[in-house]
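Step one of this worksheet: look at the structure below.
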Amino acid sequence: MSNSQQTKLHDYNSEKSNRSPYVFIKLEPAKITHVYREYWRLAAKRQDIFFNKMNKKYPPWTDDHILKQYKFTNAYRASDRVSQYLIKNIIYSGPASIKDVFFRILIFKIFNKIETWEALEKHVGEISYSNFNFEDYDAILQSIIKNKKPIYSAAYIMASGKSVFGFNRKHQNHLKMVESMMINDLPNKILDSKSMQEAFSLIKSYPSLGDFLAYQYVTDINYSEITDFSELEFVVAGPGAKSGIYKCFSDLGGLNETEIIKLMVDRQEQEFERLGIEFKDLWGRKLQLIDCQNLFCEIDKYSRVAYPEVKGLSDRKRIKQKYNPQKGQIDYWFPPKWGINEAIKA
């Protein structure tokens, strides 16, 4: 990077810069805006919060007023509360057969809500495919709805699937979708997949599931022993990530969104060093494709407040979810095949 480019980058480190929001500093072959630097700063700040909370430091865990006020995911997807619950309480707890593990993952992820899972578990006992009964699950979920409580997380939006399965209630169609996956022996088909993309395509072939959800589901399945794909081999950019990409880059330089995410993964250590940002990784595990994809979603949100003049692909101008600290400490535990749980104990 030339001296003039370094000067421009330094000028745009200021939160109150009066310059145009688009800074044409080259990151060959793409061109970046000043929000690009904030992407890496956000990753580091969010990881600092993660370690401050884990080490039981007293709040506030950050001096960033936006991160104090609004809800953001962790820099690493697997560190989030719902992912931690999935890994510890669902994937590695209960019957270990391929069918049962797959079934539990899908039943949890369709709703993506801990309270819904625990309500089902309370009424049916141990959740497994061998004791699945559509009518029982439907009745439990209907009772939650009657009590005016949500059964779905707001994180993902799923199509109802009514045109395929014919039920009036969205959850009924989704239960039938999982049932059809099991009847079609999808767990073993995924087990036999040669790549994450092949497994993704199998999941995506079912109604209600587009690219984004299929990618999320194959990532969750990959936390288990059903598959052992590298998280560096395949990624799908969701709508929020695409919007974040166009806030960080004024010109993609002929690359597509997937290639941009791969570029971020490849350059992460170089960029943290170049920008003078200290980043604490996950006990030696670098940011993976799923993490850099998620961070683009988060920078899209963050810049709505920090840089409202920078436009992405959406017209959203505010962050809806305020930050409310969860009660209780999370005992972090990751897929054993990652080899980092012993480091956490140490």
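Does Ile87 meet the test of being within 30 Å of Lys45 (Cα to Cα) and open to solvent by less than 50 Å² (accessible area, probe 1.4 Å)? Considered against the rule, which asks whether it is within 30 Å of Lys45 (Cα to Cα) and open to solvent by less than 50 Å² (accessible area, probe 1.4 Å), Ile87 comes out as yes. How many residues, within the range 304-320, are touching a Phe, Trp or Tyr at 6+ places or on another chain (Cβ under 9 Å) and open to solvent by less than 100 Å² (accessible area, probe 1.4 Å)? Going through the range 304-320 one residue at a time, the tally reaches 4. Pairing each residue of the range 80-91 that is part of a helix (DSSP H, G or I) with any residue that is surrounded by fewer than 17 Cβ atoms within 10 Å (Cβ to Cβ) and modelled with pLDDT under 95, provided the two are 6+ apart or on different chains, yields C-beta distances under 7 Å for Arg81/Gln326; Arg81/Ile330; Gln84/Ile330.
Here the range 201-211 is the region considered, the condition is being of a type in the set (A, V, I, L, M, F, W, C) and not in a loop (DSSP other than H, G, I, E, B), and the residue that is nearest to Ile105 (Cα to Cα) is Ile203. Against the condition closer than 21 Å to Phe50 by Cβ and in contact with an Asp or Glu (Cβ under 6 Å, 6 or more places away or on another chain), how does Asn74 come out, does it pass? When the stated conditions are applied, Asn74 passes them. Quick one: in the range 317-340, which of the residues that are assigned to a loop (DSSP other than H, G, I, E, B) and more than 25 Å from Thr62 (Cα to Cα) is nearest to the chain's Cα centre (by Cα)? The qualifying residue nearest to the chain's Cα centre (by Cα) is Pro335.
Selection within the range 111-123: residues that are open to solvent by 10 Å² or more (accessible area, probe 1.4 Å) and touching a residue at least 40 places away in the same chain (Cβ under 8 Å). The member of this set that is nearest to the chain's Cα centre (by Cα) is Asn112. Mind listing whichever residues of the range 282-319 are touching a helix residue (DSSP H, G or I) at 6+ places or on another chain (Cβ under 9 Å) and acidic (Asp, Glu)? Across the range 282-319, the qualifying residues are Asp291, Glu298, Asp300. Which of the residues spanning the range 171-187 are open to solvent by 50 Å² or more (accessible area, probe 1.4 Å) and closer than 19 Å to Val101 by Cβ? Of everything in the range 171-187, those that are open to solvent by 50 Å² or more (accessible area, probe 1.4 Å) and closer than 19 Å to Val101 by Cβ turn out to be Ile183, Asn184, Asp185.
Each row is one residue, and each column tells you yes or no for (1) open to solvent by 10 Å² or more (accessible area, probe 1.4 Å); (2) at pLDDT 85 or above.
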| residue | (1), (2) |
| --- | --- |
| Asn3 | yes, no |
| Thr7 | yes, no |
| Asn18 | yes, no |
| Pro29 | yes, no |
| Val35 | no, yes |
| Gln47 | no, yes |
| Phe51 | yes, yes |
| Asn55 | yes, yes |
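The values are calculated or read from the model by the stated rules, or taken from the named source; none is laboratory data. The structure displayed is predicted, hence computed values, not measured ones. A quick note on method: Cβ atoms are made from the backbone with ideal geometry, for glycine too, and the neighbour counts reach across all protein chains shown. For accessibility, only protein heavy atoms count, side chains too; no ligands or nucleic acids. Shrake-Rupley method; radii C 1.70, N 1.55, O 1.52, S 1.80 Å.
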